[in-house]
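Worksheet: one structure, shown below.
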Amino acid sequence: MEAVRVAGIGKYFSSNGVTALKDVSFALERGEIRAVAGENGAGKSTLMHILSGLIEPTAGEIEIEGKPVTFASPADALSAGIGMVHQTPRLILDFSVLENCMLGAEGRGSFLKYRSAAARLEALISEYGFDLDPAMKARDLSLSQKQKTALLTMLYRNIRILLLDEPTAALAPQEVERLFDFLERFAASGGSCILITHRLPEVMRISRKVAVIRKGELVADVETASVTAEKLSHLMVGGELKMNLPACSPQGDTVLYEAASVSRRVGGRTLLDSVSFALRSGEVLGFVGMREDGLEALEGVVSGFDGATGGAITLSGTDATGADTGALRSRGARYVPARKLERGLSLRATVSDNLVTDHYKDMSSGGVLDLEALSAYATRLAGYFDLGADIRMSAHRCSGGMLQKIILSRELSDVPTLLILAEPETGLDLASRYRLEHRIVELRNEGTGIILFSTDLDEALALSDRIAVLYAGRIVRIFDCADFASMDPEIVRHVIGEAMLGIDGCATGPAGAGPILAAPAGTGPGSGVAP
Amino acid sequence: MKNWFTSSPSSRPLRIAGRVGLFAALALAAIFSVSCSRDGGSQAKPGSIAVFVPGVVSGSPIYEMLVAGTQKAAAESKGSTVKVLEGGTDQAQWPEKLTSLAATGQYRLIVTSNPAMPEICAGISEKFPAQKFLILDGKLEGNKNIATVMYNQREQGYFDGYLAGLITKKLVKNGKPHRIGLVAAQEYPVMNEIIKPGYEEGAKAADPAVTVDFRVVGNWYDAAKATELANGMFANGVEVVLTIAGGANQGVVAAAKQKDRKVLWFDTNGYATEPGVIVGSAVILQDRAAYGKVKSWLDGKMEFGKAEVVGIKDGFVDFVQDDPLYLKAVPEDVRKAQGAMLESVRSGSLSLPVQAAN
Amino acid sequence: MSPELPAAKKKAAAESRWGFPAGLKAPAIAIGAALAAAMGFIVISSGNPLDAIGFFFSGPLSSPYFFGNMLNETGGLILTGLGVALAFRSGCFNLGGEGQAYAGGFVATMILLAEPAWPGWLGIATACLAAAAAGALVAGISGYLRARYDADELISSFLISSALLPVIDYLVSGPLRDPGSNLLATKAISPAFRLPSIMPPSHLNAAFILAIFLAVGMRFLFSRTVFGFELRITGGNREFARAQGIDPKRYYILGMAGSGAFHALAGALAVIGTYFTCHKGFSSGLGWNGIAVALIAGNAPLAVIPAALVFSYVDAGASSAILHTDFSFEAGSLIQAAVFLFITARFTRARFARSHFAHSHFARVRFGRKP
Amino acid sequence: MISSIVDIMTPFLLAALGGLVTELAGSLVIALEGFILVGAFVALAVAGATGSALAGIAASAVFVTAAAWAFGRFTIGTKANIFITGLAVNLFAAGLTAWASAVLFGTKGVVKPAGLEPLARLSIPAIERLPVIGGLLSGHTVFAYLSWILALALAVFLKRTRTGLRIRASGMDAQAATVRGVDPDRYRLIAISLSGFFCALAGAGLSLGAGAYIPNISSGRGWIALVAIYLGGRTTGGVVAASAVFAVAEYLSNIAQGTVAIPGSLLLAFPYLVTFAVFVGYAIYKKGRGKLD
């Protein structure tokens, strides 16, 4: 039986004259997991928002289990059994996991029944094997826990049709597996699922059928088994993409950046525990791990946002301990933060203003800006990632992918001495990812030292020369990617994944004990070796 | 609170600029349509009077009397009209509003009342030499367009103070300090230089041991604060409070009623406000003054350039002794002493000239 | 930028550049509703509504005196509106405008009374600068507390202002009062220090031109200078500013101090242009109305000018109706209320708003402040 | 002494609680001042007409809640700037009460219905004589007790009820609420209506306490209440504490007027200075606690 059928769905935004969707029709069987693939701005999210009642289509019909429906709000969709888990989990940060689940599904009566709700939630948690404490504040959850909480909020209200928007972005490989296990069980019990993703291996792994959307149109809706990943990416982009990156260049041998026993403790909690590493110019050093395992804290210290409470940092041979964001920037550091909306740009400024925050001073004299030069410069930058938007418009009208492109265009425009990249590929489509990776290689060849923070193992593997694994505030392993070249990717993922989750026994032991640990290529004292 | 302004995206200012521009355009269109149908400036009719109230009429007996007296006089004269304009409580605005009134040229006489008005009117008089002013409760000599009548508020304060002294002397025993209260809305020259000293002087005349507990509300309407101030006085052993705080007087009355203390009234007869609690009313008869002066102007008998000071002898300041509520609330011996004092002032044997208030 | 923009987008961009919205319908309805409500009040509360409406609209323009006074009020509102907008743009909320304006007027008066022999230009310049400095200091305290201790500037500016008002009240009506006058005011400043009048006999004076000039200057500051750019970026998102090497604390303090300076200047110019003395409580309403003006103008410096004009026009129109007809004092505030109620309203179908929400689902961040 | 402090505190607390709900719902209402004024007028007018303070309180609560609802409906429906429409309400309140007063009582000034007794104070015999607790718990008007019960009820309401949960969610993250099928506008409207209810009580306490309606009797309490919301860290308990701080400061300033050799007019600044000092001190303390190790 069909769980969902949409026919001729179209969406035209009168506010900006954009047609986001044109005549999209497809059907989803009960118990089916359907993948939806497409580039940024292709219209995937718009389609999901229509199905979840956030926006109303300008054309077309929706049927749920054979019955025609119209959704005026998410409340309507939820009561019809459709729920959505957004890419950035929409949780109320000051609420506990339990309260987040209860919100909108409080049950009968005016008063909240915390106890029975908690019991029900506990049952769900153990049924699906999630590692969640219902009493925890959403603010304190890791990204993967947030994603699980968002899933729970839907399961809690007996959703039969789940819409998932890029759910795997922040998960370790093992966690992705667990999520997929969960989805399969959900489907087996009669639920249906639509999964937006741009990770083609995941499409191949989980879905029975895959729909591809390009520029608002459904260009393919086929059995997954009948297509290859290449074919899919061809469909998504609408042409061939050269995906072969330039080969690894030889690394320089001067130490550009060195952290010695850097610690950070706040309010009695140890966020970083004697982290030491050295970065050579022309090298990409990737840090992987959970954000709360030190990735976020190390990003804060390296970028100059947060101070270290112990240890020393040198940049280009001179002391940079305690240097703040401004000092680092003036010494040639550039920074793409993980928290884009907080640190990466201002939604209240125009696209153009956001593009030039790195260079406005160069285009001014006596404190007065040269607007024409700025505008020309911004236009040039906007072309780099093919932003495709009027640069005079306010940034708050941009999609998540466009915002990421703005940040990258700005921070990667020069050849920085040190480049700090955190989760650089989130929200990027294939073409932009390709461009980004290309640029990273370019910069590396120019001698830029790059520190990459990523919760996405594939991203880290694709970009890094070395990978350091953070667990519980410490570097537990540093891998040399050259050693992975000849290995089965699945085994690599598994090994690194275990280190990220602290389950390979090395978390407490000396860093050198791991089986695949390569000796650091550098010669600097202690470089690359975690204590 | 921040989302007051976070909600506006950056294009909003311009949109709103457009909106405001449109408003201006519509307004202009309306003006053209209306102003074409209007005739030019109108001439002042012989009996046209404007009352400029430096404040608001509501809740201010002084201004209510001013308006009532003027209207009464005008009503008795055929063809005479009265326009009342309120200037609001911000005195910085008064000159401009009064100038606007004079600038209309529609009013032969502007009647107003406040110690600060003479100098404001004198300034305006230079620009509009044809405009005549009658100012009550103020003093200015020698301007041929301005006539003033000033009340002897030293007498007024003295009357209430004397009664307060008498009552305190009678009620406060056992060597406790003799304190009387004065709650003022604000401190202003007449309050600080005439009324308060007069009040204290009168009280000391009746009971030399008396001291005055003076407190300020800060405005003319915060009754709850006035209640608290009065309660603070009562806790200090005050038995009688004079309250000169406009609407906030009600707070003093409520407190006194609850704590069984006495209140003195100022400017108007207040006995009925709270029988048994209000035990004295030192009044000025502004309605009578306004009536009499406006009438004499209408009859063409007003002398401009003169400054009168009027008191109990002239019948414009008084203490209400004949109200049945007064008779009921105040013991006979006290009433007798108060009456004797009033008689001595009326007869001139006790002279309380108001200091030349500049 | 992509070579070809969709036609509709191009159109929208072109329109927003000239300050007119894509759809004129919504603002037209809003203004129409505001005017209709205002007229409604006049009709209800007036015996001869046609006259009252006539005076409401034509009064402010009927003579140079009324017109000049309206513009004079506009000038003051422009200054306080700019002050509020400056704070808003830097991401602060200055709720202490009343006290800052009062302090500015007071300081200016004190200086001019202390040095009556100075040449006019010197006295005026010194008084304005000193007043601005005083205002900047008073508001800057709030900015500093925010930068240093994360103490909400909204509360501290309100509390400081509320404490300042009675203190200056006391000084003006007490020890520093002109003993030769019955006004609650200081001595009058020397005629040499009075700003040149523009449209006698009205109060319109050079301060109005200065206000316009400053609005244009602030527009220039925001759009064309490094300082303004950094201020806007900081106001838009503090953490982002920090990531870009701009010190946000600087703009907490400078934004608030600048806002205080504008308010104080409004107070000082009211003294040396209009009142020539420091009246007790002369600044009442300047600060609050400045907030309203800035919000109506969406914090855009040039839009502050028409917003202030609308504000003072409504005020002057109501005064005119009161002056000439049986229209009453409160009715004036009711008209203003009606305009406030409708001026920012959007009479569009609710559906539109939600599609906008979905389109910019990243949009809502709390402004530089942890939730 | 405690009795006075409680008296001063009650209207602040009630109004601030009302404002708190709207702030938590993400639609702070600055029209508290206007609501208080209307509440004071309606309470006194009805109490004067019926001779029953209770009827006055009830009528005021119903009327102002309805007015707040209409205000919220308009502001939310037209997406108008709630600060500007709030200013409009404050202006309307002053104008409309004067107009209604003129129509009903023939004066725009003080309205004092004959025979309306000032509010009775409830004394609790057993507790009355206890030293500190006696003053705290006994001898207040019904509004003081009401404000405490409501503060407690509000805390429970926000924490333990469905509507409370949804109100808080609407203010913390309207979009997250929306995707869970909760319409934030609906709960903002409820919060705005609630603020009307609370302010009605604050106003009724003022006018019935004085036994009269005085134009502008709210005297800026609505504005100070707004500050109390933030001073109290946007929590119910904090708002109670902040109101108490301001009430104590105000009380001290009232007392000082009769006892200290500082001019009374100058002492009017005292409550704000004390509150400011407490505010800054608390901020410094908080900053110190969040320091790095």
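The values are calculated or read from the model by the stated rules, or taken from the named source; none is laboratory data. No experiment lies behind these values; they were computed from the predicted model shown. Backbone-built Cβ (ideal geometry, glycine too); neighbour counts: all protein chains shown. We work out accessible area using only protein heavy atoms, side chains counted, and drop any ligands, DNA or RNA first. Shrake-Rupley method; radii C 1.70, N 1.55, O 1.52, S 1.80 Å.
Proximity of backbone amide H atoms, modeled 1.01 Å from N, is registered between B:PHE319 and B:VAL283 at under 5 Å, excluding neighbours fewer than 5 places apart on the same chain. Comparing Cα centroids, region C:220-278 and region A:325-357 end up 22 angstrom apart. Annotation for region A:400-415 versus region D:56-75: alpha-carbon center distance of 51 Å. Take each residue in A:352-359, count the other chain C-beta atoms within 10 Å of its C-beta, and the mean is 3.
Would you tell me the accessible area of D:TRP223, worked out with a 1.4 angstrom probe on the heavy atoms of the protein chains, in Å² to the nearest 10? About 50 Å², ignoring ligands and nucleic acids. Just so you know, the Cα atoms of region D:175-265 work out to an Rg and Dmax of 18.1, 62 Å. Accessible surface comparison of A:ARG178, D:ARG221, probe 1.4 Å, protein chains only, largest first: the order is A:ARG178, D:ARG221. Of A:PHE479, B:PHE214, the residue with the largest accessible area leads and the full order is B:PHE214, A:PHE479 (1.4 Å probe). Scaled against the 2.2 N^0.38 Å expected of a compact globular protein of N residues, the Cα radius of gyration of region A:346-412 reads 1.04.
Candidate cross-link partners of B:LYS72 among the lysines, defined by an alpha-carbon separation under 21 Å and a same-chain spacing of 8 or more, comprise B:LYS45, B:LYS83, B:LYS132, B:LYS293, B:LYS295, B:LYS301, D:LYS108. The mean sequence separation of alpha-carbon pairs under 8 Å and at least six residues apart, normalised by the residue count of region A:2-237, gives a relative contact order of 29 percent.
At a probe radius of 1.4 Å, what is the per-residue accessible area of D:LEU91, in Å² to the nearest 10? About 40 Å², ignoring ligands and nucleic acids. Rg over Rh for region A:2-237 works out to 0.97, using Cα positions for both radii and the Kirkwood form for Rh. Of D:MET172, B:MET302, the order by accessible heavy-atom surface (1.4 Å probe, DNA, RNA and ligands excluded), from most exposed downward, is D:MET172, B:MET302. When only Cα pairs below 8 angstrom with a gap of at least 6 residues are kept, chain A shows a relative contact order of 15 percent. Rounded to the nearest 20 debye, the dipole magnitude of chain B is 800 debye, with +1 charges on Lys and Arg beta carbons, -1 on Asp and Glu beta carbons, and the Cα centre as origin.
How big is the antiparallel share of DSSP beta bridges in chain A, given as a percent to the nearest 5? Close to 55 percent. When accessible surface is computed with a 1.4 Å probe, chains C and D are found to bury approximately 4000 Å² between them, both chains counted. About the centre of its Cα atoms, region A:2-237 shows a dipole size close to 220 debye [charges on the beta carbon of Lys, Arg (+1) and Asp, Glu (-1) only; nearest 20 debye].
In chain A, the longest principal axis of the Cα atoms and the axis of helix A:430-446 are about 0 degrees apart. Between region A:294-322 and region B:73-132, the alpha-carbon centres lie 73 Å apart. Sorting the segments A:213-221, A:43-51 by their mean number of nearby beta carbons within 10 angstrom, highest to lowest, gives A:43-51, A:213-221.
What is the log10 of I(q)/I(0) for chain B, computed with the Debye formula using one identical point scatterer on each Cα and no solvent, at q = 0.13, 0.15 Å⁻¹? Here the Debye-derived log intensity ratios amount to -1.00, -1.21.
Using Cα springs under 10 Å in a Gaussian network model of chain C, which residue among C:PRO201, C:PRO175, C:PRO60 shows the largest mean-square fluctuation? Highest fluctuation of the listed residues: C:PRO175.
Residue-normalised convex hull volume from the C-alpha trace of region C:277-347: 120 Å³ per residue. Rolled with a 1.4 Å probe across the full set of protein chains, the surface gives B:TYR221 an accessible area near 70 Å². Taking only protein heavy atoms and a 1.4 Å probe, the accessible area of region B:121-215 is 52% carbon and sulfur. Which shape class applies to region B:206-281: rounded if a/c is under 1.5, otherwise prolate when a/b exceeds b/c and oblate if not, where a ≥ b ≥ c are the square roots of the Cα gyration tensor eigenvalues? Rounded. Long hydrophobic helices in chain C, taken as whole DSSP H segments with a C-alpha length of 18 Å or more on their own axis and mean Kyte-Doolittle hydropathy at least 0.0: C:25-45, C:64-89, C:97-114, C:120-149, C:153-173, C:206-224, C:248-269, C:301-324, C:329-343. Please check: in the Gaussian network model of chain D (C-alpha springs, under 10 Å), which one of D:VAL110, D:VAL248, D:VAL240 has the largest mean-square fluctuation. Judging by the Gaussian network model, the answer is D:VAL110. Hydrodynamic analysis of chain C uses the Kirkwood radius over alpha carbon pairs. Inserted into Stokes-Einstein at 4 °C and 1.567 mPa s, it gives a translational diffusion coefficient of 59 µm²/s. Pair-distance distribution P(r) for chain D, from all Cα-Cα distances in 5 Å bins starting at 0: 1, 6, 11, 15, 16, 17, 14, 10, 6, 3, 1, 0, 0, 0 percent. With a Cα-only, solvent-free Debye model of chain A, what are the log10 I(q)/I(0) values at q = 0.07 Å⁻¹? At q = 0.07 Å⁻¹ the computed log10 ratios are -0.41. Considering only alpha-carbon pairs that sit under 8 angstrom and 6 or more positions apart, the relative contact order computed for chain B is 17 percent. For the peptide A:84-91, the mean number of other protein chain Cβ atoms found within 10 angstrom of a residue's Cβ is 3. Counted over the protein assembly as shown, the DSSP beta bridges are approximately 40% antiparallel.
Shape index of the protein assembly as shown: Rg/Rh, with Rg the Cα radius of gyration and Rh the Kirkwood radius from the inverse mean 1/r over Cα pairs, equals 1.03. The value for region B:196-342 of Rg(Cα) / (2.2 N^0.38 Å) is 1.19. Given axes a ≥ b ≥ c from the Cα gyration tensor, I'd like to know whether region A:404-458 is rounded (a/c under 1.5), prolate (a/b larger than b/c) or oblate. The shape class here is prolate.
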